[in-house]
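First comes the structure, then the notes that go with it.
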Amino acid sequence: MIAVLDFGGQYAHLIADRIRRLRVYAEILPSDASPRRLQDVEGIVLSGGPASVYDPEAPPFDEEVLELGVPVLGICYGHQLMAYVLGGEVRPGGTREYGVARLQVLEEDEVLRGLGPSETVWMSHGDQVVRVPPGFRVLARTPDCPVAAMGDPERKLYGLQFHPEVTHTPKGMRVLDNFLEVCGARRTWDMERFLEGIEEEIRRKVGGRKVFLLVSGGVDSTVSFVLLTKVLGKDRVYGLFVDNGFLRKGEREQVEGTLGTFGRVHTVDASEDFLRAVEGVVDPEEKRRRIGETFVRVMRREADALGLNPEEWVLGQGTIYPDTIESGGTRNSAVIKTHHNRVEAIKRLLEEGRVVEPLSQLYKDEVRRVGERLGLPEDVVWRHPFPGPGLAVRVLCSDGKGFPFPEELSEGVEKVADKFGLEAEVLPIRSVGVQGDFRTYAHPVLISGEADWGTLEEVSTSITNSVEGVNRVVWELTPLKARRPMRATLTRERLDLLREADFRAHEVLRGWGLEREVWQMPVVLVPLGDGGETVVLRPVCSQEAMTAQFAKLPLEAVHEMAEAVLSVPGVGAVLYDVTHKPPGTIEWE
Ligand code: XMP
């Protein structure tokens, strides 16, 4: 087993996921796990994290862990911590580096075996190691980082400033695999074993009680429902499908059809409750909070109506790993976005031991494999992810004033775009993004003009890297005439319009056979225009949603989608999101 010590980086669990994909069992442990607890593991990874080693509040760590004789790999913060503790030098602050960097490999030591002299890696840090501790050698550097990788092969201690666990580091898996070789780790982890373990855990947790589960039709809740039903039997699992009014076109019928064949599902139309809860609300976090609370209220009401005695029933949820990480569910991680499965009311139930989340240790790819093993149809297993709060987080709202910004912001953005022969304009709205380990809420920039994907990628990356206050870049597919904010809230009319736009865009995507090419394609309404709505297409490629690249779909298909969306009455303009994650999140709120 490999222990990943969690220093709060949002990628901590991603490291474990990657290691498991390499068929070695990995577990997340708190940063101050005791040396005794770690003495028998095959290897230890120190994760990244938002702290600086100089912070008085830095997560606790027992230095003796480095003396156990167990191989250790420090990543990002873990790399700095190792250098700091063992007598190297860490320089605080300075320039923050986010994004792709060129790694110059100086020594193809054990962990960098198989890498070329120059590799692309993903960096995200403020502090950096400037002198290695005694016994260590510098294995690689980047133009901005003198010690991008270091190692002491004698003691089997290694440190990497870059993130091998994200897909933006193309040879990252090779590096992790090399470390597993150094550890001599056994390759025994697979879904079969997971299923055995989790079935036992479900039985233990639920005991003699029954499970009441909210199903959304998404992969996670569907797999949870089928798994729970398989373990506990149809009589002990009751699926409640809440039509929150934020579903896509035709979704309700589809979900009822699929889930009904596996177990007991009951649908409740609560769209009025939800619409009322978010009426007039503009702030995205507030919207999420209210939706989460409404979920719980509706669930309680339905449970009461069904006469479910709370002593006999527990709540089931389809929560998966990233849902718990990004809401600061792991002890040290910074809050990026509150997940609806982690609002206060649910947290209280969790504390009371009244929630069962059979997939909370898994990433989406593992959930899909579990789904396949359970015999779910391919189109269900491979469905695009759809957020619990549904279209509500894709209908951006505004008080009509928007978010004004200083002139310098425009100038900065225009200067960068000009280098590419393109026009750029800061938009007076905001969307959610993620930078390093922190959530951002900043302006999108609109790029206009003819360009290929490569140029758009470059201009987008340069703008978000160099202009503070911008976390997203969109490309103008059809002319956006009015670039001012318009007063808009979450209404049935706007939802209906989005439903139709979303449907038509996906129809084109399917028609081109591109559905499996993308991880998901949110279609988003943004409050810009003077009457006509502005729609953003946000197709992304991803493996686990922690990071993502905007999808470079065939331009012909993209323009066909734009036309299809524009043909929806009430739509005024169509834009295409050309932002990777980070710095933008997949969803806009
Ligand atoms: P972001 O926007 O954070 O999304 O890059 C990552 C993945 O999570 C989905 N998502 C959610 N799923 N409830 C969910 O069940 C939520 O509140 C939620 N917010 C985002 C998103 O669609 C993407 O796949």
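Below, the figures for the structure above:
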{"read-out": "Three-way shape call for region 191-391 based on the alpha-carbon gyration tensor, with the a/c threshold at 1.5", "value": "rounded"}
{"read-out": "Sites K205 and R301 - FRET efficiency at Förster radius 22 Å, r taken between beta-carbons, to 0.05", "value": "0.35"}
{"read-out": "Extension reserve of the E352-E378 stretch, reckoned as 0.36 nm per residue once the Cα distance is removed", "value": "5.7 nm"}
{"read-out": "Stretch gain in nm, segment D190-S466, where the contour uses 0.36 nm per residue and the Cα spacing is subtracted", "value": "95.1 nm"}
{"read-out": "Antiparallel bridges, percent of DSSP beta bridges restricted to region 336-480 (to nearest 5)", "value": "65"}
{"read-out": "Distance violations [Cα-Cα > 28 Å] among K419/K581; K287/K364; K287/K419; K249/K287", "value": "K287/K419"}
{"read-out": "Accessible surface, per residue, of the chain when the full set of protein chains is kept, probe 1.4 Å, Å²", "value": "39"}
{"read-out": "Computed lengthening from C541 to H559, 0.36 nm per intervening residue step minus Cα-Cα distance", "value": "4.6 nm"}
{"read-out": "Computed [θ] at 222 nm, deg cm²/dmol, the chain (DSSP H ≥ 4; -39,500 (n - 2.57); rounded to nearest 500)", "value": "-10000 deg cm²/dmol"}
{"read-out": "The chain, relative contact order in percent, only Cα pairs under 8 angstrom and at least six apart counted", "value": "11"}
{"read-out": "Label zone at D530 (point 7 Å along Cα-to-Cβ), backbone N below 19 Å, region 540-577", "value": "570-574"}
{"read-out": "Global geometry of the chain, whether rounded, prolate or oblate, following the gyration tensor of its Cα atoms and the 1.5 cut on a/c", "value": "oblate"}
{"read-out": "Point-charge dipole on Cβ atoms (K/R +1, D/E -1) for the chain, about Cα centre, debye to 20", "value": "1080"}
{"read-out": "Counted charge near M486, where neighbours are those whose Cβ lies closer than 14 Å (Asp, Glu -1; Lys, Arg +1)", "value": "+2"}
{"read-out": "Cut-off 19 Å (backbone N to label point 7 Å along Cα→Cβ of F503), residues of region 556-589", "value": "561-572"}
{"read-out": "Accessible carbon and sulfur surface of region 1-129 relative to its total accessible area, %, 1.4 Å", "value": "45"}
{"read-out": "Environment charge at V524 (Cβ cut-off 10 Å; Lys +1, Arg +1, Asp -1, Glu -1)", "value": "-2"}
{"read-out": "Antiparallel %, DSSP beta bridges [both residues in the chain], to 5", "value": "50"}
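The values are calculated or read from the model by the stated rules, or taken from the named source; none is laboratory data. Model, not experiment: these values are computed from the prediction. So basically every Cβ, Gly included, is an ideal-geometry build from the backbone, and we count neighbours across all protein chains shown. For the accessible areas, the whole protein counts, side chains as well, though only heavy atoms, and no ligand, DNA or RNA atoms are used. Shrake-Rupley method; radii C 1.70, N 1.55, O 1.52, S 1.80 Å.
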